[in-house]
Amino acid sequence: MTTPRIAAAAFFCAIFGSLGSAQILSGTHLPEDTFRPTPYKGFHNLITTDIAGRPLPQFPGFSFVQSFYEGTDVNASVDLARLNHLTPGTYELFVVADQTATEWAPNEELIDVRGSSQTVSFTGATVASNAVTIDTGTLSADAGLRLAIGYDVVIDVDGDGRLTNGDVIDGYGAEPGFYVVRDPSSDGPLGTIETNVTVTGVKAGFEGENLFYPDNISSLGKLPLIVISHGNGHNFNWYDHLGHHFASWGFVVMSHRNDTVPGIQTASQTTLTHTDAFLGSLGTLDGGILDGHVDVSQIMWIGHSRGAEGIVRAYDKLFDGFYVPTNYDIDDIKGLSSIAPTIFLSKDDTNPHGVPFHLWTGASDNDVSGCASSSIVYTFLTHERALGDRYSTYLHGAGHGAFHNGGGSLVAAGPCQINRTETHRIMKTYLLPLAHTYFYGAPEVQELLWRQDEEFQPAVPIAGPCIVINKTYQRRTVARQAIDNFQFFRDIITSSHGGAVSFSIDSATEGVLDDPDTNFTFSAVEPMNGMTYSITGESWRGLTVDWSANDQNVEWEIRTGKRDISNWEYLTFRATQITRHPNTTAVLGDLTFEVELRDELGNKSSINIGAYGGGIEEPYQRTGCGTGTGWSNFFETIRIPVADFETDGAVIDLSRIEAVRFVFGPAFGSAVGRMGIDDLELTNG
Amino acid sequence: MVNSTRFGSKRFVLGTLAVMAVAAAAVTALSDRRAVEVSVVRGSSEKVHSILAALPIEVGTPFAHDWSSERAMVTGGWLLALEVEPEMLVRHQSADPVLYVGDHAVERINSGENSGRVIVIVPKRIDLENAPIYFGSAALPESVSASTRKLELTRARNDGAKPFSEAALSAAYKKGLSGSDTATVEFQDRRAVLEFAAQWIYEFCPDETEFANSLLLM
């Protein structure tokens with residue numbers, strides 16, 4: 001996938017040695033087809049643009065995505081309105097092995113990985129009408145221990161079978177045109193060994209470890225380490241599904257006995273000391289076979305329940321210097337994943353700080369339930385405390401016990417529950433890309449972490465009448481610009497970046513994302529009903545709105561000086577339906593609405609969030625925690641490529657955007673609704 | 001009069017059982033509504049059915065008692081086998097009722113949630129004839145402070161919690177000491193205590209044999 005504006009900007013910076021980013025980024029907005037890296041390696045008129053993608057049922061009509069699951073269709077299209085250097089006509093299209101800009105040579109022969117090139121006709125006035133299928137699932141994703149293979153797409157304009165000036169390419173830069181990705185829930189290429197050992201240096205009675213590693217580890221280099229800390233009443237032998245899976249993909253996994261009954265401090269201490277003891281015992285564990293094959297600088301902690309809070313507390317102890325490891329240090333902890341964490345301790349003690357953090361929440365969890373009756377079970381709170389990259393996965397129908405493989409009760413309540421087999425497949429599908437993200441960056445799997453499952457599924461879908469997966473994805477270490485995160489300028493008519501916010505809507509409330517009482521029963525005077533994202537003493541804030549008529553809206557002004565959004569990749573926000581509100585229960589289903597940009601000349605371009613598939617999910621239909629039906633609110637992330645607003649020649653000047661407007665009502669999506677909104681921002685990555 | 005012998009990693013010390021004063025616990029009448037309400041939400045001594053065995057212990061290498069906020073070092077105490085209402089031992093992620101002996105939150109070694117039998121370490125050599133055994137308020141044991149523990153004891157007594165009878169304790173001592181006249185058993189360290197406790201788990205909680213095995217792995 002190409003990000004032409006950014007590529008152009010980076011190129012200019014590199015060429016002219018001037019980062020003057022504000023000037024260059026805002027003052028030299030170039031249509032992407034005019035990016036000519038003259039005189040780079042002899043190319044002086046090579047056109048780079050996005051080509052690979054998938055068709056959409058409505059405007060923008062085509063989505064230039066980056067990743068495709070192995071065994072599924074890959075499509076291509078061009079937007080002739082933007083790509084005005086390409087004359088409508090018939091061309092040869094090549095899918096070739098990925099090369100970077102430094103690897104491509106002028107006049108290089110194009111070798112199509114499909115066996116032969118494809119004749120395509122790009123004559124339509126819309127990007128949707130130019131869509132063609134360029135692969136029906138035949139392309140390989142076999143990248144050994146990595147999850148994807150990259151490909152570039154070339155439109156051979158002059159038909160000479162070579163990459164020459166005037167040709168159009170998707171994937172000329174550092175990233176390929178697209179990736180074909182393995183189903184991450186499938187077994188990896190390596191055989192695995194599981195063994196139980198004991199270590200010294202941890203609290204007596206808690207010495208046990210369950211290890212998993214590739215059976216050919218002696219011929220491998222140093223592998224990342226994943227540590228699993230179980231929950232209260234659980235067992236360290238209950239995570240075979242993760243242990244074998246990660247080991248088959250080239251990781252070492254250590255699940256340890258966890259001291260959870262006294263509480264979180266002891267649990268965290270076990271995580272810290274077991275990690276230390278394991279790394280200090282590599283020369284002897286299981287005959288020393290792991291010695292020299294564990295990368296101490298690449299560690300991920302996964303915890304469940306009290307153990308899930310424990311790993312965060314453990315990180316906090318490292319951060320505060322309360323625990324000084326012998327065999328690793330805080331920088332070696334590359335990320336955390338907490339499964340249904342409790343939240344006993346304050347933000348001073350259980351705090352992920354800046355380490356990448358991921359959260360699992362099961363909507364059917366009947367232990368860490370998420371009910372407003374006790375903040376101990378507010379799983380989302382740890383996520384809110386995270387200052388670094390943060391992610392969450394919310395599974396309808398998943399009980400507390402569904403996440404381990406120890407058998408017994410699923411510890412679940414509510415309708416349409418999912419079983420362990422289903423839950424574990426979802427865990428593997430998410431956790432393996434997450435580990436690759438933590439350890440390798442892994443641009444090839446980023447879309448697996450945020451695209452909605454309604455539209456992005458492996459060849460063997462993770463589908464079933466009860467499977468509903470919701471994700472949030474907030475990369476906070478990439479360039480981003482807040483439009484409104486509701487944390488500053490705490491009046492409802494001023495956004496956090498100082499712009500005006502206006503409303504034409506039934507009701508709107510900005511406030512702390514904390515249900516004010518101990519249940520989810522609807523109350524007309526509780527605008528934050530169902531919110532479990534904050535507690536007293538922590539002020540994680542957001543906005544709630546409801547509508548019941550056409551063309552109701554909320555509008556955020558973009559301040560002067562911030563109005564050139566053309567260099568931003570995504571307009572993103574997170575949103576949730578508000579549980580048990582009459583507008584929510586009136587129609588059970590995803591909420592949709594339109595996001596509209598307006599430039600200084602009054603031109604508008606709108607995209608319905610449902611165009612990409614899915615919407616804002618209905619609350620899980622669980623009763624209890626008061627009267628009514630519907631469990632806690634849960635945010636999910638929406639990301640709209642900024643460039644999509646220009647599709648098909650839509651008249652909008654992305655360098656002069658004065659307002660972002662959410663437009664509600666039957667002509668724009670859901671007829672009625674009530675919704676929470678947070679973290680409206682522009683991001684790159 | 002102290003003699004000592006070696007047994008495995010444990011050193012048995014002959015001693016004399018202190019003569020326990022039979023002090024009837026004062027049962028204070030519940031005088032206010034709030035106290036009654038509190039007793040309803042807490043567990044109670046009624047959930048602790050019997051004391052199966054009791055062994056006075058000393059530890060050569062002290063270890064931290066993680067079941068209180070002070071994390072005091074344990075140099076001696078009691079190893080007890082208790083029979084309680086199984087449901088009280090089911091572990092949840094949120095706070096569970098804390099098991100107390102007198103004004104001490106005890107360390108639960110095994111689960112016991114199926115058998116109702118749990119082996120515990122009392123972190124101090126207290127007078128069991130004056131110490132009711134009961135479940136207190138739900139909390140993380142590691143967060144329980146000395147003042148909270150005293151408050152829990154007062155509440156438990158107000159709720160009618162009583163120590164086990166002299167006869168019950170005598171039977172428990174006899175069982176714990178396996179018929180020998182050894183009054184105090186000294187262990188080298190915490191690990192030795194756990195290895196000894198494993199034998200009790202085999203005997204009292206046979207459904208947890210696998211766990212007992214794990215305590216003997218080192």
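Condition check for A:G561 on (1) more than 22 Å from A:N470 (Cα to Cα); (2) within 27 Å of the chain's Cα centre (by Cα); (3) open to solvent by 20 Å² or more (accessible area, probe 1.4 Å): one failure, at (2).
Of the helices (runs of 4 or more DSSP H) that lie entirely inside region B:120-218, those containing 2 or more residues that are exposed (fewer than 15 other Cβ atoms within 10 Å of the Cβ), more than 14 Å from chain A (Cβ to nearest Cβ) and in contact with an Asp or Glu (Cβ under 7 Å, 6 or more places away or on another chain) span B:146-158. Only one of the numbered conditions (1) more than 14 Å from every other protein chain (Cβ to nearest Cβ); (2) touching a Gly at 6+ places or on another chain (Cβ under 7 Å); (3) not charged (D, E, K, R) is not met by A:L290, and that is (2).
Yes/no matrix, rows are residues, columns are (1) in a helix (DSSP H, G or I); (2) within 14 Å of A:T195 (Cβ to Cβ); (3) under 30 Å from the mean Cα position of the chain (by Cα); (4) of a type in the set (V, I, T):
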residue	(1), (2), (3), (4)
A:N232	no, no, yes, no
A:Q265	yes, no, no, no
A:F278	yes, yes, no, no
A:S297	no, no, yes, no
A:G307	yes, no, yes, no
A:R313	yes, no, yes, no
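A:A148 satisfies every condition listed in (1) among the small types (G, A, S); (2) in contact with an Asp or Glu (Cβ under 6 Å, 6 or more places away or on another chain); (3) open to solvent by 50 Å² or more (accessible area, probe 1.4 Å) except (3).
Residues that are among the charged types (D, E, K, R), more than 9 Å from chain A (Cβ to nearest Cβ) and part of a loop (DSSP other than H, G, I, E, B): does region B:88-98 have at least one? Outline the logic, then answer.
Step one: list which residues in region B:88-98 are among the charged types (D, E, K, R), which gives B:91, B:96.
Checking the rest, the ones that are also more than 9 Å from chain A (Cβ to nearest Cβ) come to none.
Scanning region B:88-98, I find no residue that is among the charged types (D, E, K, R), more than 9 Å from chain A (Cβ to nearest Cβ) and part of a loop (DSSP other than H, G, I, E, B), so the answer is no.
Filtering region A:93-124 to residues that are at pLDDT 95 or above, surrounded by fewer than 16 Cβ atoms within 10 Å (Cβ to Cβ) and hydrophobic (A, V, I, L, M, F, W, C) leaves A:A97, A:I111. If you take the residues in region A:295-305 that are touching a Leu at 6+ places or on another chain (Cβ under 9 Å) and open to solvent by less than 10 Å² (accessible area, probe 1.4 Å), which one is farthest from the other protein chains (Cβ to nearest Cβ)? Going through the qualifying residues, I end up with A:I299. The criterion of at least 3 residues that are open to solvent by 20 Å² or more (accessible area, probe 1.4 Å) and of a type outside the set (A, V, I, L, M) is met, among strands (runs of 3 or more DSSP E) falling completely within region A:430-512, by A:501-504, A:507-512. Residue under question is B:S111, and the condition is that it be within 11 Å of chain A (Cβ to nearest Cβ), touching a residue at least 12 places away in the same chain (Cβ under 8 Å), open to solvent by 30 Å² or more (accessible area, probe 1.4 Å) and under 22 Å from A:K203 (Cα atoms); does it hold? Here the answer is no, as B:S111 does not meet what is asked. Restricting attention to region A:179-203, the residues that are surrounded by fewer than 16 Cβ atoms within 10 Å (Cβ to Cβ) and within 14 Å of chain B (Cβ to nearest Cβ) total 4. Counting only residues that are among the polar types (S, T, N, Q), in contact (Cβ under 8 Å) with a residue 40 or more places away in the chain, away from chain B (no Cβ under 13 Å) and within 15 Å of A:I311 (Cβ to Cβ), region A:322-366 holds 1 of them. Quick check: anything in region A:222-236 surrounded by fewer than 21 Cβ atoms within 10 Å (Cβ to Cβ), farther than 15 Å from A:G310 by Cβ and more than 11 Å from chain B (Cβ to nearest Cβ)? Yes: region A:222-236 contains one or more residues that are surrounded by fewer than 21 Cβ atoms within 10 Å (Cβ to Cβ), farther than 15 Å from A:G310 by Cβ and more than 11 Å from chain B (Cβ to nearest Cβ).
Can you list the strands (runs of 3 or more DSSP E) found entirely within region A:66-133 that contain at least 3 residues being in the same structural domain as A:V445 (by TED's automatic domain parsing) and not charged (D, E, K, R)?
Working: elements: A:67-69, A:74-76, A:89-97, A:118-122.
Per the criteria, no element qualifies.
B:N158 satisfies every condition listed in (1) farther than 30 Å from A:T361 by Cβ; (2) at pLDDT 95 or above; (3) out of contact with any strand residue (DSSP E or B) (no Cβ under 9 Å at 6 or more places or on another chain) except (2).
The values are calculated or read from the model by the stated rules, or taken from the named source; none is laboratory data. These numbers come from a predicted model, not from an experiment. Cβ coordinates were reconstructed from backbone atoms using ideal geometry, including for glycine residues, and neighbour counts include every protein chain displayed. Quick note on the areas: whole protein, heavy atoms, side chains included, nothing else; ligands and nucleic acids left out. Shrake-Rupley method; radii C 1.70, N 1.55, O 1.52, S 1.80 Å.
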